[in-house]
Amino acid sequence: GQQLNQSPQSMFIQEGEDVSMNCTSSSIFNTWLWYKQDPGEGPVLLIALYKAGELTSNGRLTAQFGITRKDSFLNISASIPSDVGIYFCAGQEAGNQFYFGTGTSLTVIP
Amino acid sequence: EPEVTQTPSHQVTQMGQEVILRCVPISNHLYFYWYRQILGQKVEFLVSFYNNEISEKSEIFDDQFSVERPDGSNFTLKIRSTKLEDSAMYFCASSWTRREFFGPGTRLTVL
């Protein structure tokens, strides 16, 4: 199936620092979604992107849909301890199926 | 705020047994999905369902899996004869536009 490369795989940062992670694919996507997953829980939708070049914010989170439609990034500014978790990107081609990235594990050190 | 709900939260079964995982999607959503996540791995697509039929399925979704929307609110995933490797978190999701909302998951443990 479709492979989404998400990087970095894990991050250890100090509270207050900014975070950046990205996803790349070999295919063109029509939609990019970013999720956060806490242990033992379902992914929670953070940001949805629908157009190439689109830049969307949700509080301290900002995500962009790459111009080539093959990538997306997520930035978190001024990280806080509750930002800890695993962040997944998900991309959708023309059909219904979403393909998930491998996840970025974020640890915030107070 | 409306949310996707799933039951049970944890299911333990013997290998070879049938299990049914239940989901109640968000009420005005039209697209329904099942995903699974093996411990420590990424979320994997199983199947999407629209207009009372499967619209897409992955290679994982073989003949031992089936989905049903038996009434106006429930969406179920049946695994006919469970295998050890079916142990995973199973997530239901629903969407109205291209935004998928996930349920809390059912942890399936096959012994």
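Note on chain B: GNM, Cα springs under 10 Å; of B:62, B:86, B:71, the largest mean-square fluctuation is that of B:71.
Sites listed here are GluC sites (Glu not before Pro) in segment B:1-82 whose DSSP assignment is loop and whose Cβ has at most 10 other Cβ atoms within 10 Å: B:59.
Accessible surface comparison of A:11, B:15, A:21, probe 1.4 Å, protein chains only, largest first: the order is B:15, A:11, A:21. Using a 1.4 Å probe over protein heavy atoms, the accessible area lost on pairing A with B, summed over both chains, comes to approximately 1800 Å².
Could you pull out the longest piece of chain A with no exposed loop GluC sites (Glu not before Pro) in it, calling a site exposed if DSSP puts it outside H, G, I, E, B and it has at most 14 other Cβ atoms within 10 Å? Longest stretch, sites excluded: A:18-110. In chain A, Cα pairs under 8 Å separated by at least six residues give a relative contact order of 36 percent. Ligands, DNA and RNA left out, the accessible area of the protein assembly as shown computed with a 1.4 Å probe is 50% carbon and sulfur.
Surface analysis of chain A yields an accessible area of 44 Å² per residue, using protein heavy atoms and a 1.4 Å probe.
Taking all protein chains together, A:83, B:63, A:38 sort by accessible area into B:63, A:38, A:83, largest first [probe 1.4 Å].
In whole percent, what relative contact order does chain B give with Cα contacts below 8 Å and a gap of six or more residues?
On the way: 269 pairs, mean separation 43.1, N = 111.
Averaging sequence separation for qualifying contacts and normalising by length gives 39 percent for chain B.
The count of lysine pairs in the protein assembly as shown with alpha-carbon distances below 22 Å, taking only pairs 8 or more places apart or on different chains, stands at 10.
The values are calculated or read from the model by the stated rules, or taken from the named source; none is laboratory data. Please read these numbers as outputs of a predicted model, since none were measured by experiment. Note that we place each Cβ from the backbone using ideal geometry, even for glycine, and neighbour counts take in every protein chain shown. Side chains are part of the model used for accessible areas, which takes the heavy atoms of the whole protein and leaves out ligands, DNA and RNA. Shrake-Rupley method; radii C 1.70, N 1.55, O 1.52, S 1.80 Å.
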